[in-house]
Amino acid sequence: MVGYPKTIRVDQGSEFISRDLDLWAYANDVTLDFSRPGKPTDNAYIEAFNGRFRAECLNTHWFLTFADAREKLEEWRRYYNEDRPHGSIGNKPPITLVNPGGAPSPSP
């Protein structure tokens, strides 16, 4: 297992300024690096990811229950990280960066 990142870059959205996220980050020795308000280009990687996530997952599924949403989101996460080629890393899936054999990640 790779573990938690040292830093997570986030914007000023309400989901990122919550006490619970702050406590989780503190407990796991993760620094929350806030971008400047109104400057999405401070975090271009996540803005690009958000666009892909919306186009490839959220806009293509109906979520009927929380369990259904969890199942579909987990399926997409696995596809995105373990099967989908990423141009920025030589058209390979990201799993090959941490596991050259490409074995799937463990279930959550």
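Using unit Cβ charges (K, R positive; D, E negative) and no other charged atoms, how large, in debye to the nearest 20, is the dipole of the chain about its Cα centre? Walk me through the numbers before you get to the answer.
Details: 13 positive and 15 negative charges, 52 e Å.
Once rounded to the nearest 20, the dipole reads 260 debye.
Rounded if a/c is under 1.5, else prolate if a/b beats b/c, else oblate: with a ≥ b ≥ c from the C-alpha gyration tensor eigenvalues square-rooted, which is the chain?
rounded
Could you run the Karplus curve 6.51 cos²θ - 1.76 cosθ + 1.60 with θ = phi - 60° over the stretch 30-46 and give me ³J(HN,Hα) per residue in whole Hz, x for Gly and Pro?
Ordered by residue, 3J(HN,Hα) equals 10, 8, 8, 9, 7, 6, 5, x, x, 10, x, 5, 5, 9, 4, 4, 6 Hz.
Leaving out ligands, DNA and RNA, what percent of the accessible area of the chain is carbon and sulfur, probe 1.4 Å?
Result for the chain: 58 percent of the exposed heavy-atom area is carbon or sulfur.
Using amide H atoms built in the peptide plane, which far-off residues or other-chain residues are under 5 Å from K92 H to H?
For K92, the qualifying residues are H86.
Need one number: nm distance between label points at C57 and L21, each 7 Å from Cα along Cα→Cβ, rounded to one decimal.
About 1.5 nm, to one decimal.
Relative to the present Cα-Cα distance, how much length would full extension add between D68 and R36 at 0.36 nm per residue of separation? Write out the running numbers ahead of the final one.
Details: separation 32, 0.36 × 32 = 11.52 nm, distance 3.50 nm.
This chain segment gains 8.0 nm when fully extended.
Could you derive backbone 3J(HN,Hα) for the stretch 79-91 from the dihedral phi with the Karplus parameters 6.51, -1.76 and 1.60 (θ = phi - 60°), listing whole Hz in sequence and x where the residue is Gly or Pro?
4, 4, 8, 10, 10, 5, x, 10, x, 6, 10, x, 6
Restricting attention to the stretch 1-81, which chymotrypsin sites (Phe, Trp or Tyr not before Pro) occupy a DSSP loop and are surrounded by at most 14 other Cβ atoms within 10 Å? Could the numbers behind the result be given before it?
Details: sites: F16, W24, Y26, F34, Y45, F49, F53, W62, F63, F66, W76, Y79, Y80; in loops: F16, W62, F63.
Of the chymotrypsin sites (Phe, Trp or Tyr not before Pro), the ones in loops of the stretch 1-81 whose Cβ has at most 14 other Cβ atoms within 10 Å are W62, F63.
The values are calculated or read from the model by the stated rules, or taken from the named source; none is laboratory data. Just so it is clear, the model here is predicted, and its values are computed rather than measured. We place every Cβ from the backbone using ideal geometry, glycine too, and count neighbours over all the protein chains shown. Accessible surface is based on the protein model in full, side chains and every heavy atom, while ligands, DNA and RNA are left aside. Shrake-Rupley method; radii C 1.70, N 1.55, O 1.52, S 1.80 Å.
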